[in-house]
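Structure, as structure tokens:
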């Protein structure tokens, strides 16, 4: 590979990492706005800016590096305690983050979308806020590459694996400044293998104890490849008034002999090296028959906690030396970046494999060859495992999507004069990355709708006895092969009379019609439908909720709305985990094959002859005392041929309703690889795709919700259809 190719590859990697860093930066800034004294969040913001600056200079993004350097300089003052993380600073830094993203975009697309004056305005405002505005020449954003001493350090070779001894004792008044020492210990554990022993020998008696003072310290053994600078960064905000000692215990050389037991230090040697006692005291104690630790405690030379800490160090070093080779080998198995297009190709290939496996199983069953049947079952097992693993590779937590909406809520609530806090639950819930990408637009519109139509202004909420600060809650959870996502606000709720009036005006319903709340709420998702009296940049054109319905239908999902006037609204989205492969129920109608998603199927029952006649004006069947409407697929799709003597009903549940589909035969469960029908069939809503069966024939995949909706709208079908 040539040098230019290597540089281009490096630029691509940087752009991917920068996109992640910008997402992390935005999330940290929004959290910092809520907790401006959190030093860990300040450090997270600073590190993200520092990495973008240094890596940007390395790969030729000079404008990005220079601009980021100006922002980083201001945040360095926040790190050092010279200025506070004010709301104004957060606003400017979020604006800077957007400009950096624009600069990176123009670098990849060849455009010039970020005017120089916009970048200069942010730099000048930041410097004014920091009280250090320079002359006009100094404040202009330079175009030369900035390579600092820090960025040069970033390019060094990785530090060898070493074990460090850290003694950390906070000041007695550590609680007075809001510092939680436990957070520092948690940050240390992120650096490597860590052993922590509390030093409690200075705790006074209960009668002398001041509960506002801190009397505990720690001895920490840390094996890491991060180096001393990374350890010092953990304590960067507390090292001035704390007792802190960091020293290396041992460098672990991977080329040393694997039999490392001979290198283990004895307890006495460790105590002497730690400075806990002298060599003479050790030699005197060794004259006794007792273990060295017991001797030292009995003689009053050391407290039990200090001996325990030294024993922990001995065990830690033993463990580190024995596992160093394994860790270095495992480092070659760390995660790698893979373009999403390659994952899509892998899924397509797995889909083809599943189709071939189905053909093999059918051929083996036809030939009644026991050896071939055994091989077919083995291939089926392996292909199913490969399918599941491939699907898992594409699964990503929805929390990354939730975090994006914090900025939407923050900015929009300010524009609308609202006070709103966003909370989340179930951020670890995983979905296919393709599904998550398609969720972004509908989620944005739902949140904007909740803010504009749901959460009231502070003065209105106070007048109604509510907290002036409203809330929007995002929640996700698994439900079988689907994921349930709820968007809940505690606002005014939906005004049903206003919707009814608007629906009558648009001739969507009769003025005296009696319809359910769910059907009434359904008008919200009609194109051009809006109850807003004034058209604004946020609402009034009746477009947003129509986008929600369209996108969710494309995902083969459903929407449910529940609202209570004065208390709030909950919009529930039910969407499939993946769009590539589903478990389906294969059925036959005449010579045609149809697949219904197994996740929506409840049961299959025989259709009695007396209930099967559509000429009697009935499309209802009684199942255990409940009347269930059904769709006769033969009549609906106009399929010719003789009807089966014993037809069957596949009963499904959709949006809380039970609906049956009459078929000639239920063939059985089928692993369905979804294929698009193509552009020419884009308007056929009842069919969501197709799949190739084992014998090479085609089966159409029924879109249950769309078929129900289509049937409901046809007056020539059942007059008693859902409703």
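The values are calculated or read from the model by the stated rules, or taken from the named source; none is laboratory data. Predicted, not measured: the structure shown is a model, and the values here were computed from it. Glycine also receives a Cβ, built like all others from the backbone with ideal geometry; neighbour counts cover every protein chain displayed.
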Just checking, how many residues over the range 424-465 are under 18 Å from residue 488 (Cα atoms), free of Cβ contacts under 8 Å to residues at least 40 places away in the same chain and part of a helix (DSSP H, G or I)? 3
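Yes/no matrix, rows are residues, columns are (1) assigned to a helix (DSSP H, G or I); (2) assigned by TED's automatic domain parsing to the domain that holds residue 668; (3) farther than 27 Å from residue 464 by Cα; (4) at pLDDT 80 or above:
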{"position": "535", "(1), (2), (3), (4)": "no, no, no, no"}
{"position": "550", "(1), (2), (3), (4)": "yes, no, yes, yes"}
{"position": "553", "(1), (2), (3), (4)": "yes, no, yes, no"}
{"position": "562", "(1), (2), (3), (4)": "no, no, no, yes"}
{"position": "571", "(1), (2), (3), (4)": "no, no, no, yes"}
{"position": "585", "(1), (2), (3), (4)": "no, yes, yes, yes"}
{"position": "594", "(1), (2), (3), (4)": "no, yes, yes, yes"}
Quick one: count up the residues across the range 86-108 that are over 16 Å from residue 70 (Cα atoms) and modelled with pLDDT of 85 or more. 3
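One line per residue, one yes/no per condition, for (1) outside the structural domain of residue 479 (by TED's automatic domain parsing); (2) closer than 13 Å to residue 30 by Cα:
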position	(1), (2)
385	yes, no
388	yes, no
392	yes, no
404	no, yes
409	no, yes
413	no, no
Subset of the range 400-421, residues touching a strand residue (DSSP E or B) at 6+ places or on another chain (Cβ under 7 Å) and either part of a helix (DSSP H, G or I) or surrounded by fewer than 21 Cβ atoms within 10 Å (Cβ to Cβ) (or both), comes to 402, 405, 406, 409, 413, 419, 421
Working carefully through the options 385, 371, 363, find the one that is part of a helix (DSSP H, G or I), at negative phi, over 29 Å from the mean Cα position of the chain (by Cα) and exposed (fewer than 14 other Cβ atoms within 10 Å of the Cβ). 371
Those residues of the range 177-214 which are part of a loop (DSSP other than H, G, I, E, B), within 39 Å of the chain's Cα centre (by Cα) and surrounded by 11 or more Cβ atoms within 10 Å (Cβ to Cβ) amount to 179, 180, 190, 191, 192, 214
Go through (1) out of contact with any helix residue (DSSP H, G or I) (no Cβ under 8 Å at 6 or more places or on another chain); (2) at pLDDT below 80; (3) part of a helix (DSSP H, G or I) one by one and return the number of the condition residue 504 breaks. (2)
Going by the conditions given, is residue 225 in the same structural domain as residue 302 (by TED's automatic domain parsing), at pLDDT below 85 and surrounded by fewer than 16 Cβ atoms within 10 Å (Cβ to Cβ)? no
Would you call residue 379 outside the structural domain of residue 296 (by TED's automatic domain parsing), modelled with pLDDT of 80 or more and either in contact with a strand residue (DSSP E or B) (Cβ under 9 Å, 6 or more places away or on another chain) or under 30 Å from residue 168 (Cβ atoms) (or both)? no
In this structure, does residue 631 turn out to be under 36 Å from the mean Cα position of the chain (by Cα), touching a residue at least 40 places away in the same chain (Cβ under 8 Å) and surrounded by 18 or more Cβ atoms within 10 Å (Cβ to Cβ)? no
Output yes when any residue across the range 66-81 is farther than 23 Å from residue 115 by Cα, within 26 Å of the chain's Cα centre (by Cα) and without any contact (Cβ under 8 Å) to a residue 40 or more places away in the chain, and no when none is. no
